[in-house]
Amino acid sequence: MKLLSKIKKLNNTGFFYVFISNFFVKFLLFSSTILIVRFLSKEEFGLLSYVDNFLSFFLIFNGMGVSTSILRYISLNIDEKEKIEYFKYGLKIGLFFNLLLTILFLIIVNFFTFPFYGTKMILIILLLQPTLSFLFEYGIMIFRGNFMNREYAMLSLLYSLLLVFFLVFLCKYFGIKGVIFSRYLSITISICILVIFILKFFRNKVKTSIDKRINVKIDKREFFSYSFFSMLANSFSLILPINEGFIVNNFIADEIVSAQYKTAMQLPMGIQFISSALLIFIYPYFAKHSLDKKWIWGMSKKLEVIMFSFFSVFSIIAYFLSPVIVSIFYGNDYLEIVPMMQIYWIVFSVNAGFRALPGNVLSAIGKAKFNTVNAFFSMIIHLFICYIFISKFGIYGVPYALFIVYVLSGIISWIYIKKILN
């Protein structure tokens, strides 16, 4: 009865909407990558992997971190009109920053020499993808921050379903061009539907709050600072696997090796969607209780025990089932990636079960600057270790370097949380 009561309480908070929808969203997105592997040749997939890796350097700066910032500020106990003002201000910052990012992107693409033929043309076609991705990601945060979990889940799932649907019909017949068309169609349709939801939300909220507070002032400096440091922290953190791809593509410069490396890490990287789904749900609650140190420390410990235990067991099972997994999802032509995939199961389980939680907790309680410093030094150390390891151990040195950095970064974050909460 006690267990049923807890499950019912979780259901009332919308936990299962967020968790299940995020689970299926990530599952569908990774299914789309498997479809791409099936429909494209190794050479085409290697080229697409290089393009996505190059584009990822710009996507990590997408919107200057205002998506993370708006989630925190909307979760706080402030007036509804004030939340709307923060939303509009963040949108202006994000779009202006993306305009500058687009100009920089064009300049670099035109002057950079790419190792694979056709890269420049594809990158120019994908010019608008970062801005469209920012608009959708930023828009759905208004619902997550207001604990409107059903709307958040529906919109997130819609985008993923559309992407897989278009990939099935376009990628098979049009190759890489079909992948690009699928991305644009799915994100554009999703944004149009999102706008309808947001306009309805704003009309209802303004009606309930405009008589209470007409002139609203927001702390733009604090919002901008938090967004900036959140962007830096996220970018330094996300750049770790991107550094790997850059080193592999430019030091080894082999399309086949690039495809094997990218394929080996696809499914293991996907296990992070489980921790991501949980962290997306709990983030607003930690932001709401940011001044209650006892609650934060107690909840952090409980969640860490659950997450670490789950991912430890998961990684062990996945390790031994890797040959079967590769055979089912990619075919016997990719069986040579099994040893590397086994390593990546452990690497990304450490990230999902040990490193991800403290970073998100620190972000939710406003410690974005510490996350920035930690992520920056992790990036520098990773780049150095990765270069050394790949020189000595070849392609297998890449996951070992990432493992070392994930462990060190996680330990530092937990030490800092313990310090500030005591």
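For the range 307-324, indicate whether the set of residues that are part of a helix (DSSP H, G or I), open to solvent by less than 40 Å² (accessible area, probe 1.4 Å), within 18 Å of Gln260 (Cα to Cα) and touching a residue at least 24 places away in the same chain (Cβ under 8 Å) is non-empty.
No, the range 307-324 has no match at all.
Go through (1) within 20 Å of the chain's Cα centre (by Cα); (2) at pLDDT 90 or above and name the single condition Ala364 misses.
Unmet for Ala364, out of (1) within 20 Å of the chain's Cα centre (by Cα); (2) at pLDDT 90 or above: (2).
Under 8 Å between Cβ atoms, at least 6 apart or on separate chains: pull out the pairs that start in the range 276-291 with a residue that is on the phi > 0 side of the Ramachandran plot and open to solvent by 30 Å² or more (accessible area, probe 1.4 Å) and end on any residue that is in a loop (DSSP other than H, G, I, E, B) and not aromatic (Phe, Trp, Tyr).
If the second residue must be in a loop (DSSP other than H, G, I, E, B) and not aromatic (Phe, Trp, Tyr), no pairs are left.
Limited to the range 41-58, what total is found for residues that are open to solvent by 10 Å² or more (accessible area, probe 1.4 Å) and aliphatic (A, V, I, L, M)?
Number satisfying all stated conditions: 1.
If I filter the range 386-414 down to residues being under 24 Å from the mean Cα position of the chain (by Cα) and β-branched (Val, Ile, Thr), which single residue comes out as nearest to Glu304 (Cα to Cα)?
By that ranking, first place goes to Ile411.
Only one residue in Ala259, Ala287 is closer than 30 Å to Phe54 by Cβ and of a type in the set (A, V, I, L, M, F, W, C). Which one?
Of Ala259, Ala287, the one residue that is closer than 30 Å to Phe54 by Cβ and of a type in the set (A, V, I, L, M, F, W, C) is Ala259.
Is one or more of the residues making up the range 25-37 over 30 Å from Ser327 (Cα atoms), part of a helix (DSSP H, G or I) and either at pLDDT below 75 or open to solvent by less than 20 Å² (accessible area, probe 1.4 Å) (or both)?
no
Among the listed residues Val109, Val164, Val179, identify the single one that is out of contact with any Phe, Trp or Tyr (no Cβ under 9 Å at 6 or more places or on another chain), surrounded by 13 or more Cβ atoms within 10 Å (Cβ to Cβ) and β-branched (Val, Ile, Thr).
Val164
The values are calculated or read from the model by the stated rules, or taken from the named source; none is laboratory data. Owing to the predicted nature of the structure, the values given are computational and were not obtained by experimental measurement. Reconstructed Cβ throughout: ideal geometry from the backbone, glycine too, with neighbour counts over all protein chains shown. To get the accessible areas, we keep the full protein, side chains included, count just its heavy atoms, and leave off ligands, DNA and RNA. Shrake-Rupley method; radii C 1.70, N 1.55, O 1.52, S 1.80 Å.
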